[in-house]
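These notes are about the structure you will find just below.
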Amino acid sequence: QDAAVRTGLPPALVESVARVESGLRPEAVSLKGALGVMQLMPATAKALAANPSDTAQNIDAGARLLRELLLKYDGDVVKALSAYNAGQGAVDRYHGMPPYAETQDYVDKVIRAYVKAGGQ
């Protein structure tokens, strides 16, 4: 919640991303090497000056990244979530959500979790 407040994002949105990314597990590591609660790739964590193994830094960096993506895509949550999952290059290349089943499923899960948590 603190990271969401600092970045001006709805806490339920940041929590929904974390829940879908890692099940809120700080020790989570993806098959692609993403780390922690917000599943940051090491290069992304480095670019955000965060230690991805430090839970507070991981969540803060993930919230900052999500905010940056929302700003880049003019508040378009689908594009921002797609970029969080598949990368900005994929979203820019396809001018929106890429046609990847994993990304489409991810965006759907985050939005459903957000609505379930009371977000609108």
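The values are calculated or read from the model by the stated rules, or taken from the named source; none is laboratory data. Just so it is clear, the structure is predicted and the values come from calculations on it, not from any experiment. Cβ placement follows ideal geometry from the backbone for every residue including glycine, while neighbour counts extend to all protein chains displayed. Quick note on the areas: whole protein, heavy atoms, side chains included, nothing else; ligands and nucleic acids left out. Shrake-Rupley method; radii C 1.70, N 1.55, O 1.52, S 1.80 Å.
Restricting to the range 35-86, and then to whatever is in contact with a strand residue (DSSP E or B) (Cβ under 7 Å, 6 or more places away or on another chain) and in contact (Cβ under 8 Å) with a residue 24 or more places away in the chain, can you tell me which residue is surrounded by the most Cβ atoms within 10 Å (Cβ to Cβ)?
In this case the residue turns out to be 62.
Determine whether the range 1-21 contains at least one residue that is touching a residue at least 60 places away in the same chain (Cβ under 8 Å) and farther than 29 Å from residue 94 by Cα.
Yes, that holds for at least one residue.
When the residues of the range 96-120 are filtered to those that are farther than 27 Å from residue 2 by Cβ and of a type in the set (S, T, N, Q), which remaining residue is surrounded by the fewest Cβ atoms within 10 Å (Cβ to Cβ)?
Filtering the range 96-120 for residues that are farther than 27 Å from residue 2 by Cβ and of a type in the set (S, T, N, Q), the one surrounded by the fewest Cβ atoms within 10 Å (Cβ to Cβ) comes out as 104.
Specify which of the listed residues (55, 44) is under 21 Å from residue 113 (Cβ atoms) and hydroxyl-bearing (Ser, Thr, Tyr).
55
Does the range 87-95 include one or more residues that are modelled with pLDDT of 95 or more, among the aromatic types (Phe, Trp, Tyr) and open to solvent by 50 Å² or more (accessible area, probe 1.4 Å)?
Yes.
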